[in-house]
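Heads up: the structure comes next, in structure tokens.
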Amino acid sequence: MSEKEQLRTAHVLFMDIVGFSKLYTNEQLKVKSTLNEIVKNCLSDEKLIKLDTGDGMAIAFLENPESPLLTAQKIAPKVKKKGIPLRIGMHTGHVYLTEDINKQRNIIGGGINIAQRVMDCGDTGHILASKVYAEGLSEVKKEYEKLFHYLGRFEVKHGVIVEIYH
């Protein structure tokens, strides 16, 4: 295994624009450009991997577990103000660092897959977290314990069950 293919724990923020594919192509370009600019201005300087998904993006934070939450809290009011229907999911899990077809840093594994499934359970304006993410942060600060509220168990792609917090 090369140095590029190391198993890591990542704190993943996954987001997409609800209804993106129903927009005209020129509207998709405008909305995605605006989202990109907002997110870029909300990111910290820490070690991370940014992945474009067409209608959104995934950001894997490799250091601070608070970063997905803090970043989501910065992004949410800005996209709401711009009228961008965004939904967000967060999860902490294992990933492999790898290289994509364009020789860019990428990640694969359950850490990013579950983050997407958590996000898929949401709708416009939702910031959702997996049980792993919510319980992990709830041990850090009292304000986080009060922030997360259990929504229940949801069956997602491939019959996987995820426990979701809002």
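Grab the beta carbon distance between VAL18 and SER44, set R0 = 41 Å, and tell me the FRET efficiency rounded to 0.05. Spell out each step's value before the answer.
Numbers: r = 26 Å, r/R0 = 0.63.
Once rounded, the FRET efficiency stands at 0.95.
Given the options PRO77, PRO68, PRO85, which has the most mean-square fluctuation in a GNM of the chain, springs set between C-alpha atoms less than 10 angstrom apart?
PRO77
Compute the FRET efficiency between LYS80 and GLU5 as 1/(1 + (r/R0)^6), taking r as their Cβ-Cβ distance and R0 = 41 Å, and round to the nearest 0.05.
Values: r = 39 Å, r/R0 = 0.94.
Efficiency at R0 = 41 Å is approximately 0.60.
Do the alpha carbons of any pairs in LYS82/LYS146; LYS30/LYS82; LYS81/LYS157; LYS40/LYS80; LYS50/LYS146 sit beyond 20 Å of each other, and which pairs? Don't skip to the end; give the middle numbers.
On the way: LYS82/LYS146 28 Å; LYS30/LYS82 11 Å; LYS81/LYS157 32 Å; LYS40/LYS80 16 Å; LYS50/LYS146 29 Å.
Listed pairs above 20 Å: LYS82/LYS146; LYS81/LYS157; LYS50/LYS146.
Hey, what do the phi angles of segment 14-27 turn into as Karplus ³J(HN,Hα) couplings, whole Hz, using 6.51/-1.76/1.60 and θ = phi - 60°, x for Gly and Pro?
Computed from phi, the couplings for segment 14-27 are 10, 9, 8, 8, 5, x, 4, 5, 7, 7, 5, 4, 5, 6 Hz.
Please list the equivalent ellipsoid semi-axes of segment 111-166, computed as the square roots of five times the alpha-carbon gyration tensor eigenvalues, in descending order and whole angstrom. Mind dumping the intermediate values first?
Values: eigenvalues 80, 27, 18 Å².
With the √(5λ) rule applied to segment 111-166, the semi-axes are 20, 12, 9 Å.
How many percent of the accessible area of the chain is carbon or sulfur, using a 1.4 Å probe? Before the final figure, lay out each step's value.
Details: 4820 of 9550 Å².
Carbon and sulfur: 51 percent of the exposed surface of the chain.
Whole number in Å², please: accessible area per residue of the chain, 1.4 Å probe, ligands, DNA and RNA not counted.
With all protein chains present, the chain gives 58 Å² per residue.
In nm, what is the difference between 0.36 nm times the number of residues separating ASN64 and HIS158 and their Cα-Cα distance? Before the final figure, lay out each step's value.
On the way: separation 94, 0.36 × 94 = 33.84 nm, distance 3.00 nm.
Taking 0.36 nm per residue and subtracting the Cα distance, the gain is 30.8 nm.
Could you calculate, for segment 1-65, the ratio of the Cα radius of gyration to the Kirkwood radius, expressed as Rg to Rh? Each step should come with its number before you reach the end.
Working: Rg = 14.3 Å, Rh = 13.4 Å.
So for segment 1-65, dividing Rg by the Kirkwood Rh gives 1.07.
How many nm separate the modelled label positions at VAL140 and THR25, each set 7 Å beyond the Cα in the direction of the Cβ?
4.2 nm
The values are calculated or read from the model by the stated rules, or taken from the named source; none is laboratory data. Remember, predicted model here, so these are calculated numbers, not experimental data. Neighbour counts are summed over all protein chains in view; Cβ atoms, including those assigned to glycine, are modelled from backbone coordinates with ideal geometry. Quick note on the areas: whole protein, heavy atoms, side chains included, nothing else; ligands and nucleic acids left out. Shrake-Rupley method; radii C 1.70, N 1.55, O 1.52, S 1.80 Å.
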